[in-house]
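The structure under discussion appears below in the form of structure tokens.
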Amino acid sequence: METNFSEQQLKDNDNKSSERIFRKCVHCGFCNATCPTYNLLGNELDGPRGRIYLIKDMLEKNKPANDKIVKHIDRCLSCYSCMTTCPSGVNYMHLIDHGRNHIEKTYKRPFKDRFIRSFLSSVLTNSFNFRLMLFLSLFAKPFSFFFPEKIKDMINLIPKTLPKKTLSTMKIYKTQNKKKPVARVALLTGCVQKILSPQINEATIRLLNRHNIEVVVPREIGCCGSLNHHLGKTDLANKTFRHNITVWYDEYLKNGLDAIISNTSGCGTTIKDYGFIFRSDQNLKKKAKKISELTKDITEYLDENVKLNFVQRSRNEKKYKIAYHSACSMQHGQKIHKEPINLIKKTGNEVHEIPDGHICCGSAGTYNVLQSDIAKKLLKNKISNIKKIEPQIISTGNIGCITQISQATEIPILHTVEIIDWYTGGPKPKILNNL
Ligand code: SF4
Ligand code: SF4
């Protein structure tokens, strides 16, 4: 794609890297074929190629975003399905991040939009605020029909009950035997996940400890920053990124870390991008690059580094039919797909991929609140594809997808790590009590 940035504009590092990406695009439009919003809405501007043109035009002409640009950019899920399809290796993720940042700097959203986006940013990224919001929403749930549409959608996403923590909060979780640990990893316990589904972090810690791996959970780290990053709130996001990089890097230098484990693929995708985000920051670039290199999704880490000790089960033991839902941030953002499927297969259960599995379930961070109409259509399609398999269990690796899909089905949904923990000696997940 021909570009027309001036020399002056190319002195800006973000323009410079976006220009390189624009130049890779050959306008072929293959990406449109696998774009969920293009498929649903049928408008070129709601597909990746159209959005690339909108972003390019806005940046090259250094013009402020307008209603039309914002509408089509906001509708993008950041699912990165287009990146998997693109034959030219166009890094759409970096373009849409740059575009969102430009929108945030140059466009004044209507008051209602600003309020909801600021509310999401301050509540979801802070565990204390999130817990308080959950508590209040449990009371509001029966009266949700009184609220405006977006607030109602937010309340409906909140589960009726929350599981209790069973592991005490510690900084270091030591291995279960007296042997020297074979590895030492940091775990990102996340902001939303540790409250909505504490059992996911607990299963991760148990599983790693049982395999002689020490786990450190630095208390200073909460959110990974991805939520604000995708809202275009770059200053807030960068503040969190800087903090996390400093804390993890200190731990890496002082006590050693073999990996930083993420068990939420949305967060993992962003942490793996810290190196790019701080590529021009002389103080942080080396540290950020190291943090990104150390970051592994739990299934990626297990597949590459751990010889799992599966518990021998009797031949007559019940086998389950499991549908694997590949989160977009996992399969498109991190290119991790076969690893979780292979791990689940090792448990002896049947694993099935969901038809049209490359298409998003509509969760996409805060998308199911901000673009709830599109998100509901995507969820409906996802559920109808899941039903074709008739599974007893659904497995996935992202809390956002778990929350989204569980609104529309009674089929129990487990994080992949809960299944692996169970089959290597951990407890059977409570949600399966009736299965
Ligand atoms: S990230 Fe997803 S929704 Fe956005 S343009 Fe690419 S395929 Fe479409
Ligand atoms: S598939 Fe890649 S090269 Fe083709 S239009 Fe889309 S982004 Fe551009």
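Worth pointing out:
- Scanning the stretch 62-100 for residues being open to solvent by less than 40 Å² (accessible area, probe 1.4 Å), within 14 Å of ligand 2 (Cβ to nearest atom) and among the β-branched types (Val, Ile, Thr) gives a total of 2.
- Residue satisfying all of: in the stretch 51-106; assigned to a helix (DSSP H, G or I) and among the aromatic types (Phe, Trp, Tyr); farthest from ligand 1 (Cβ to nearest atom) among these: Tyr53
- Among the residues of the stretch 152-192, not one is among the aliphatic types (A, V, I, L, M) and on the phi > 0 side of the Ramachandran plot.
- Residues of the stretch 108-119 that are closer than 22 Å to Ala375 by Cβ and either open to solvent by 30 Å² or more (accessible area, probe 1.4 Å) or within 16 Å of ligand 1 (Cβ to nearest atom) (or both): Pro110, Lys112, Asp113, Arg114, Phe115, Ser118, Phe119.
- Ile431 being of a type outside the set (S, T, N, Q), within 19 Å of Lys194 (Cα to Cα) and surrounded by fewer than 23 Cβ atoms within 10 Å (Cβ to Cβ): yes
- Residues that are away from ligand 2 (no atom under 16 Å from the Cβ), without any contact (Cβ under 8 Å) to a residue 12 or more places away in the chain and under 15 Å from Thr396 (Cβ atoms) do not occur anywhere in the stretch 319-335.
- Qualifying position, being open to solvent by 50 Å² or more (accessible area, probe 1.4 Å) and outside any helix (DSSP H, G or I), among Leu162, Leu132: Leu162
- Residue list for the stretch 1-28, filter: open to solvent by 100 Å² or more (accessible area, probe 1.4 Å) and within 16 Å of ligand 2 (Cβ to nearest atom): Glu2, Arg20, Arg23, Lys24
- Within the stretch 388-429, the set of residues being over 21 Å from Gln331 (Cβ atoms) and in a helix (DSSP H, G or I) comprises Asp421, Trp422, Tyr423.
- Taking (1) free of Cβ contacts under 8 Å to residues at least 40 places away in the same chain; (2) open to solvent by less than 20 Å² (accessible area, probe 1.4 Å); (3) in contact with an Asp or Glu (Cβ under 9 Å, 6 or more places away or on another chain) in turn, Ser262 satisfies each apart from (1).
- Exclusive hit being over 22 Å from Thr240 (Cα atoms), touching a helix residue (DSSP H, G or I) at 6+ places or on another chain (Cβ under 7 Å) and in contact (Cβ under 8 Å) with a residue 40 or more places away in the chain, set Arg131, Arg100, Arg75: Arg75
- Among the residues of the stretch 11-32, some residue qualifies, meaning at least one is among the polar types (S, T, N, Q), within 9 Å of ligand 1 (Cβ to nearest atom) and either part of a helix (DSSP H, G or I) or out of contact with any helix residue (DSSP H, G or I) (no Cβ under 8 Å at 6 or more places or on another chain) (or both).
- When the stretch 314-333 is filtered for residues that are farther than 20 Å from Ser226 by Cα and touching a helix residue (DSSP H, G or I) at 6+ places or on another chain (Cβ under 8 Å), the ones remaining, listed by number, are Lys321, Ile322, Ala323, Tyr324, His325.
- Just one residue in the set Leu124, Leu59 is away from ligand 2 (no atom under 14 Å from the Cβ), at pLDDT below 95 and more than 17 Å from Gly362 (Cα to Cα); that residue is Leu124.
- Test for Ser292: is it buried (at least 24 other Cβ atoms within 10 Å of the Cβ) and modelled with pLDDT of 95 or more: no
- All of Ile103, Ile155 fail the test of being modelled with pLDDT of 75 or more, buried (at least 16 other Cβ atoms within 10 Å of the Cβ) and more than 26 Å from Ala65 (Cα to Cα), apart from Ile155.
- Among the criteria (1) open to solvent by 10 Å² or more (accessible area, probe 1.4 Å); (2) at pLDDT below 95, the one Tyr249 does not fulfil is (2).
- Residue check for Ser384: in contact (Cβ under 8 Å) with a residue 60 or more places away in the chain, open to solvent by 40 Å² or more (accessible area, probe 1.4 Å) and closer than 21 Å to Lys321 by Cβ: no
- When we screen Leu77, Leu95, Leu134 for residues that are within 24 Å of the chain's Cα centre (by Cα), modelled with pLDDT under 95 and of a type in the set (A, V, I, L, M), the only hit is Leu134.
- Under the condition of being open to solvent by 60 Å² or more (accessible area, probe 1.4 Å) and within 18 Å of Gly99 (Cα to Cα), the residues counted in the stretch 29-50 number 1.
The values are calculated or read from the model by the stated rules, or taken from the named source; none is laboratory data. Every value quoted in this text rests on a predicted model; they were computed, and no experiment measured them. All Cβ positions, glycine included, derive from the backbone under ideal geometry; neighbour counts span all protein chains shown. To get the accessible areas, we keep the full protein, side chains included, count just its heavy atoms, and leave off ligands, DNA and RNA. Shrake-Rupley method; radii C 1.70, N 1.55, O 1.52, S 1.80 Å.
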